[in-house]
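The values are calculated or read from the model by the stated rules, or taken from the named source; none is laboratory data. Since we're looking at a predicted model, the values are computed, not measured. Counting neighbours? That spans all protein chains shown, and the Cβs are built from the backbone with ideal geometry, glycine included. Heads up: the accessible areas ignore ligands, DNA and RNA and are worked out on the full protein's heavy atoms, side chains in. Shrake-Rupley method; radii C 1.70, N 1.55, O 1.52, S 1.80 Å.
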Amino acid sequence: MSQTSESEKSRAKERRITAGVCVGLVVLVWIAFSQAIHFGFVNYDDDVYVYKNVNVTNGLTRSGVHWAFTHVHSSNWHPVTWLSHMLDCQFYGLNAGGHHFTNILIHTVTVLLLFLVLRQMTGFIWRSAFVAAVFAIHPLRVESVVWIAERKDVLSGLFFMLTLAAYAWYARSERSLSRYFLVVITLSLALMAKPMAVTLPFILLLLDCWPLKRIKPPQGDSIRRRCLLEKLPLLALSTVICAITLSAQKDAVSPLPLSLRFANGAVSCTVYLRQMIYPSGLVALYPFPEQGLPGWAIVIACFLLIGISIVVIATCQKRPWLLFGWLWYLGMLVPVIGILQVGAQAHADRYTYLPQIGLTLALTWAIAEIGGRWRRYLPLLAGASVAIVAVLTLCARRQTTFWNDSISLWTRAVAFTSNNIVAQNNLGNALLEKGRLDQAIGHFQEARRLKPLDAKAAFNLGNAFIEKGDLHHGIANLSEAVLLDPDYAEAQINLGGAFLKTGRVDEAIAHFQNALRIEPTQVAAWDDLGYAYLQQAAADKATACFEKALQLDPEQPVTQNNIANALMQTGKVEEAIAHYQKALRISISIRHPGRPGATTQVR
């Protein structure tokens, strides 16, 4: 009876400790990231993913759900992520604080799941708590948690943890098809949130070796075969997502030499190791070294990676967690290490969101093992753990402040990186939006200096000059953008708008028509073409253009106003009044900002 009582007391104490750890983890997350609730959107994909994406801003609708599952957007297919953004718009509209709140909430749940899953699989409370705490508040997490457009990271992470939990549950009853089916469902959701989860079947196989120990030396080949065979359906899911992702990103893959991409991948793996230990100088984008990397950096990176690999393999019999954590880290980085380079980044903080868990776990278990040998140092070890978590929390809180707005975000990127054309362009656009024209022009000119053949830089500089009233330099730069990239629809539209302002209507019409040849669904081009026809008193042609624009987007007050003007020219006063009224009604209750690249205004 006394033994039963002691056992119940022990379990009750463990439950209280577990609950306390969970509360502590929640507090840490909100100390580090809660200030983001007061932040706005940034000009780094937030427009593409949320506030200028009509499919998202309309909330959760039948047509929106259909679009999410049937369309590739921004070189990605991740319908679950789109649905989450739509739900946010359903509840919060375009209140950015609500979108930030959802990101932080999802991350909080993911942190708790990591702790509970590790505790359940390993039996260690405090080790699991430390791993979860570092995952929760390391400064490298800021980009994934605070950046609204990176919802896919935290959402995929949530389903990743649910897959681990479902698999641990399945491993306790291997004959249960319902438990295995749950693993399939959670993996599918993780893959449809972000393709990076394609490595999950590999992680589950690692779990079979340690800590679940389903595969261990005394067991026969039948157990190993079973563990491998049950991964095949999961691997098939990952393969399908890989195929979809490769198809979606075929036009975005960089043609840079394979040797350079491999070298950058090796160096990036070591950069992440340094950032884990010393997370300084973190920025939104680290430019890819298109001119090559120093030979010494490549050699050091390769020696370091090979050296660590030799050590963990040599000690894997006695310390399996070292090999487990190292393979988790390297394996999860494979999809984002840049062998298929997509984007302008050499590496990114967000790519460490899940891979770093493996490193943290390996180091935590290794240090805890040393502490177990010299128990007199345990209080010192506990104090050091608390200090590490406290310092990381403060660093994460400070790093979060740089995501307050676009100007803060890109000012830091310009300060801590060199040859960063994306940062120069985005900082210029942020300054332009605030009316700081001369500063914006300076950054656009720097972008042009860094990469003279970049059409985007020429486009931005041309827009800034036009905003300043310098049509001559504006038209010159926009014309160069069109020459550099004849299929740049927005440049065609804005160049046409600049010609309209100088009275060169025929040239304007030609550029609007070029834009529509490139992108027939460009609302701005239809609207501006109609306005150009109005200047030629071709009211019927103008009306046809405005009607096409309204078919594509009936909620544009500019277009409603313009078609009313065209109808007035043809004497259809009552129809014109109806459109004027609708334009006014939409302007009062408008739910999203105006379209990019528009050159006409409500007249």
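Overall, the chain carries a charge dipole of about 2960 debye about its Cα centre when +1 sits on the Cβ of Lys and Arg and -1 on the Cβ of Asp and Glu, all other atoms neutral. With R₀ set to 60 Å, the beta-carbon distance separating ARG214 from LEU483 gives a calculated FRET efficiency near 0.45. Remark: the ASP45-SER280 segment gains 82.2 nm on full extension, using 0.36 nm per residue and subtracting the alpha carbon distance. Applying a length cut-off of 27 Å (Cα extent along the axis) and a mean Kyte-Doolittle floor of -1.0 to the DSSP H helices of the chain leaves 2-33, 96-122, 151-171, 258-277, 295-314, 355-373, 378-401. Once the convex hull of all Cα atoms in the chain is built, its volume per residue stands at 176 Å³. Write out the GluC sites (Glu not before Pro) in region 125-198 meeting two conditions: DSSP loop, and at most 13 other Cβ atoms within 10 Å of their Cβ. Those that pass, being in a loop and sparsely packed, are GLU174.
Pull out a ≥ b ≥ c, the square roots of the eigenvalues of the alpha-carbon gyration tensor of region 225-299, then state rounded if a/c is under 1.5, prolate if not and a/b is larger than b/c, and oblate in the remaining case.
Working: a/c = 2.25, a/b = 1.60, b/c = 1.41.
It is prolate, given that a/c is not under 1.5 and a/b is the larger ratio.
Between LEU246 and ILE367, the C-beta separation translates, for a Förster distance of 51 Å, into a calculated FRET efficiency of about 0.80. Any idea how far apart VAL26 and SER259 come out in nm if each label point goes 7 Å out from Cα toward Cβ? Going from the VAL26 label point to the SER259 one covers 5.6 nm. Indicate the gyration tensor shape class of region 60-204 (rounded, prolate or oblate), computed on the Cα atoms with a ≥ b ≥ c the square roots of the eigenvalues: a/c under 1.5 is rounded; otherwise a/b larger than b/c is prolate and the rest oblate. Oblate shape, in that a/c is at least 1.5 and b/c is the bigger or equal ratio.
Between SER587 and LYS52, what's the calculated FRET efficiency when r is the beta-carbon distance and R0 is 25 Å? Round to 0.05. Before the final figure, lay out each step's value.
Values: r = 17 Å, r/R0 = 0.69.
Taking R0 as 25 Å, the efficiency between SER587 and LYS52 is 0.90.
Distances between placed amide hydrogens fall under 5 Å for ALA346 paired with TYR286, PHE288, all partners being 5 or more residues away or on another chain. Length available on full extension from GLU6 to ARG504: 0.36 nm per residue minus the Cα-Cα distance, which gives 170.2 nm. Heavy atoms of the protein chains alone define the surface here; on that basis region 482-599 has 47 Å² accessible area per residue at 1.4 Å probe size. Radius of gyration (Cα atoms) of region 287-336, expressed as a multiple of 2.2 N^0.38 Å: 1.43.
State whether region 201-335 is rounded, prolate or oblate according to the following rule on the C-alpha gyration tensor (a ≥ b ≥ c being the square roots of its eigenvalues): a/c under 1.5 gives rounded; otherwise a/b larger than b/c gives prolate, and the remaining case gives oblate. Before the final figure, lay out the partial values.
Numbers: a/c = 2.52, a/b = 1.40, b/c = 1.80.
Oblate, because a/c is 1.5 or more while a/b does not exceed b/c.
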